[in-house]
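Structure, as structure tokens:
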Amino acid sequence: MKNKQNTYQPNNKKPIVYVLSPSCQIEDLEIGSDYEGVITRVEKYGFFVSLSKSVYGLLRTRNPKEKVGDKIVVKVAEIKPHKGKMDVDLTYSKTRYGNNYETIKVKRNIKRTKIADLSSDNIGRNVAIQGEIIQIQQTSGPTIFTVRDETDVTWVAAFNEPGVRMYPELEVDDVVEILGEVSLHSGKIQIESELIEELEDDEKDNLKNLIADAIDKKAQPEHVEFLVESEILEKLRPKMELAAKTIRKAILDGRSILVRHHWDADGICAGLAVEHAVLPLLREESNDADAEWHFFKRSPSKAPFYELEDVVKDLSFALEDQERHGQKLPLLVLLDNGSTEEDVAALSHSKVFGIESIVVDHHYPGEVENGRALIDNYVDVHVNPYLVDGDSQLTAGALAVELAIMINPDVREKIKHMPAIAAIGDHAECSEVDQYLEIASKEGYDRDELDRVATCVDFESYFLRFMNGRGIMNVLFGLEDNKKQADLLDVLMNESDKRVETQLKAAMPNVETFYFDNGIQLNRLDVEKYAHKFTYPAPGKTTGYVHDKLVQEKGEDQPIMTLANGPDFAVIRATEVIKNDFEFNLNNVITKIQEEIPQAGADGGGHEVAGSLKFVEGLQKEVLTMFIEEVKNLKR
Ligand code: MN
């Protein structure tokens, strides 16, 4: 027999008594050694002593005085076969009763099985696995421990009385050895544990290192080709791969993922793409049927940036989950938001609490130096075309779809039509967009159809407000039922058209048009006075519709700008010519206003030729006058 017992050198005179752990088998016994046991049956010819859950022996003696339930130390005298089983014969030990002895625990001697090697072939077999606890759930039946080693993840059920938390001393992150039987539970391999014990320190460190290395390797995304040929995307590849790896790592690490995105068609497209990549991985990595709800959250942000109102809500929930449910802090993923100076307040806020964050955005991030913008000081991974000499024509939806395919290549076919919807929604035009449109057209989406989807997404999102509308958006983006998609598009388009018409009826007669010497046509509208309030389309969108209608009359290649304002805000839309030929950048004009009229508290931004501006009401005239002067003075 292969036991460590003999190698033990006592350093005092007390006799040594071994205590078998509950899972020990007959093979773990050593003849001639003393063991502690409990008397379980008394007969005229002797009594039975239980040494572990399944090992017991008989001590023959006439008319024993011992009682059931007594603790006793016995010597193993002989182990011999009897009727196809092994019998253990015991004799009295010198120590017998009392506590004046040294005990040594005997662990069951089974070779460790790696989790990846567990299969349905092992069902019913006893195994030993070692790993790190990544989640503990108390069900109405057993306590379920999710355990990971360097090869895979499995689930361990510890049974006692239903609903009673087993091993209350164990916590997430503890490294343990589990002895138990391999079983099958709703189609997944599970261990029914006999014993869970923490590992010794050196074993623990060793295993932790192995696990960390393995996760790092597993999180590394495969090399995948982008959907389109693009120099900008290739330049962004290292950042995108790092973002994909960080997201995959969070999934493997049992961290939740919190996605925040802009609430327009582009932002929602980005959020949905990442959601469709992450959820299957979450389902695979967890036996928690609700994993996709517990470990993934997606919410739209109403402002075109990550604002304090959002971050305080997210932080409060994260810190509460950490304290109440022992959850790790989430990974924050901002899509179509997060790159600009306006995001600094919220992101520096979350950084204080050690929240790791990823930003995938195409909004102008301010000056870029050595591939870094201001926000890079506050986020862990920043993907933005401006960092590599690109611009906002490559939409966040496109970037996020490409990222989603890196995270989970299986979703490629399902989501490849989505960047085209984002591009139409954001009025983007570039060679990548042409290629995305081509992909979508092969999937049955022509330009009109894409426009309908983008419009209906915007329409629905106006009414969803702070909800993510997962089920509805899946249908609108064609990710589920195509018949339902067609029906829903019809219903929403009809409603949207009606409401846009109502707004245009009020707005169009009140548009004033000016022609400047530099060739620019400026359309002005008081959108607060000449549009219906608190309804769809809101002032920003209404301005867009007015602008599009005026551009249709003159042609997209003309320098046309529309400036609609309320008492303390303005919305700006302009044709691409004004950016390309006149070097107009809304964000720069806002900076200039901030410098020259500081008391106006001007703020805002967006893309070069589409965005908004806020200011204090009392300085409306000064701000708008300066803005118009800037446009007047632009040179081709
Ligand atoms: Mn966008």
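The values are calculated or read from the model by the stated rules, or taken from the named source; none is laboratory data. From a predicted model like this one, the values you see are computed outputs, not experimental measurements. Please note: Cβ atoms are built from the backbone with ideal geometry, for glycine as well, and neighbour counts cover all protein chains shown. Calculation scope for accessible area: heavy atoms of the full protein, side chains included, ligands and nucleic acids excluded. Shrake-Rupley method; radii C 1.70, N 1.55, O 1.52, S 1.80 Å.
Keeping all protein chains in position, work out how much accessible area Y530 exposes to a 1.4 Å probe, and write it in Å² to the nearest 10.
90
With charges set only on the Cβ (+1 for Lys and Arg, -1 for Asp and Glu), what does the dipole of the range 390-537 come to about its Cα centre, in debye to the nearest 20?
560
Let me check against my output: what whole-number percent is the relative contact order of the chain, with C-alpha pairs under 8 Å and at least 6 apart?
Across the chain, relative contact order equals 7 percent.
Give me the percent relative contact order of the range 323-406, please, defined on Cα pairs under 8 angstrom at least 6 residues apart.
Over the range 323-406, the number comes to 30 percent.
Give me the accessible area of R465, 1.4 Å probe, in Å² rounded to the nearest 10.
130
Taking a 30 Å limit on the Cα-Cα distance, which of the listed pairs K302/K498; K249/K541; K483/K529; K80/K111 fall beyond it?
Pairs exceeding the cut-off: K249/K541; K483/K529.
Do you know the relative contact order of the range 386-446, to the nearest whole percent, from alpha carbon pairs under 8 angstrom that are 6+ apart?
Relative CO of the range 386-446 lands at 37 percent.
Would you calculate the separation in nanometres between label points at N122 and N633, each defined as 7 Å from the Cα along the Cα-to-beta-carbon direction?
Modelled inter-label distance: 7.5 nm.
How many percent of DSSP beta bridges within the chain run antiparallel, rounded to 5?
65
So which GluC sites (Glu not before Pro) in the range 157-220 pass both tests, a DSSP loop state and at most 13 other Cβ atoms within 10 Å of the Cβ? Kindly include the intermediate steps, with their values, before the conclusion.
Values: sites: E169, E171, E177, E181, E192, E194, E197, E198, E200, E203; in loops: E169, E171, E200.
In loop regions of the range 157-220 (DSSP not H, G, I, E or B), the sparsely surrounded GluC sites (Glu not before Pro) are E169, E171, E200.
Would you please classify the overall shape of the range 271-404 from the alpha carbon gyration tensor, given that a ≥ b ≥ c denote the square roots of the eigenvalues, rounded means a/c under 1.5, and beyond that prolate means a/b larger than b/c while oblate covers the rest? Don't jump to the answer; show the numbers that get you there.
Numbers: a/c = 2.24, a/b = 1.41, b/c = 1.59.
Oblate.
Can you pull the accessible area of E553 for me, 1.4 Å probe, Å² to the nearest 10?
Approximately 130 Å² of E553 is accessible to the 1.4 Å probe.
Rounded to the nearest whole Å², what accessible area per residue is found for the chain with the 1.4 Å probe?
47
Assuming a ≥ b ≥ c are the square roots of the Cα gyration tensor eigenvalues, decide whether the range 360-512 counts as rounded (a/c under 1.5), prolate (otherwise, with a/b larger than b/c) or oblate. The partial results should precede the final answer.
Working: a/c = 1.89, a/b = 1.32, b/c = 1.44.
Since a/c reaches 1.5 but b/c is at least a/b, the shape of the range 360-512 is classed as oblate.
Roughly how tilted is helix 308-325, in degrees to the nearest 10 and between 0 and 90, from the longest Cα axis of the chain?
So the inclination is approximately 10 degrees.
Would you list D548, D410 from the most to the least accessible area, probe 1.4 Å?
Of D548, D410, the descending order of accessible area is D410, D548.
Where the centroid of each part is defined by its Cα atoms, how far is the range 585-636 from the range 192-268 in Å?
What the calculation gives is 42 Å, centre to centre.
In deg cm²/dmol, rounded to 500, what helix-only [θ] at 222 nm does the chain give when every DSSP H run of at least 4 residues adds -39500 (n - 2.57) and the total is split over its residues?
My calculation for the chain gives -11500 deg cm²/dmol from helical runs alone.
Per residue and in cubic angstrom, what volume does the convex hull of the Cα atoms of the chain have?
Taking the convex hull of the Cα positions in the chain, it is 201 Å³ per residue.
Angle check, please: helix 620-632 long axis (alpha carbons) against the longest principal axis of the chain (alpha carbons), in degrees 0 to 90, nearest 10.
70
List the equivalent ellipsoid semi-axes of the range 438-541 in whole Å, largest first, each obtained as the square root of 5λ for an eigenvalue λ of the Cα gyration tensor.
Gyration-tensor ellipsoid for the range 438-541: 32, 18, 12 Å.
Across the Cα atoms of the range 54-143, what radius of gyration and what greatest pairwise Cα-Cα distance (Dmax) are found, in Å?
19.6, 54
Restricting the count to DSSP beta bridges whose residues both fall in the range 1-122, what percent are antiparallel, rounded to a multiple of 5? Numbers along the way, then the final one.
Values: 23 of 31 bridges.
Here the share of antiparallel DSSP bridges comes out near 75 percent.
With a ≥ b ≥ c the root eigenvalues of the C-alpha gyration tensor of the range 136-189, is it rounded (a/c under 1.5), prolate (a/b larger than b/c) or oblate?
On the way: a/c = 1.87, a/b = 1.14, b/c = 1.64.
Oblate shape, in that a/c is at least 1.5 and b/c is the bigger or equal ratio.
Calculate the translational D of the range 25-72 in whole µm² s⁻¹ from Stokes-Einstein, where the hydrodynamic radius comes from the Kirkwood formula applied to all Cα pairs, the temperature is 10 °C and the viscosity 1.306 mPa s.
143
Using only alpha-carbon positions, what ratio does the radius of gyration of the range 510-636 give when scaled by 2.2 N^0.38 Å?
Ratio of Cα Rg to 2.2 N^0.38 Å: 0.98.
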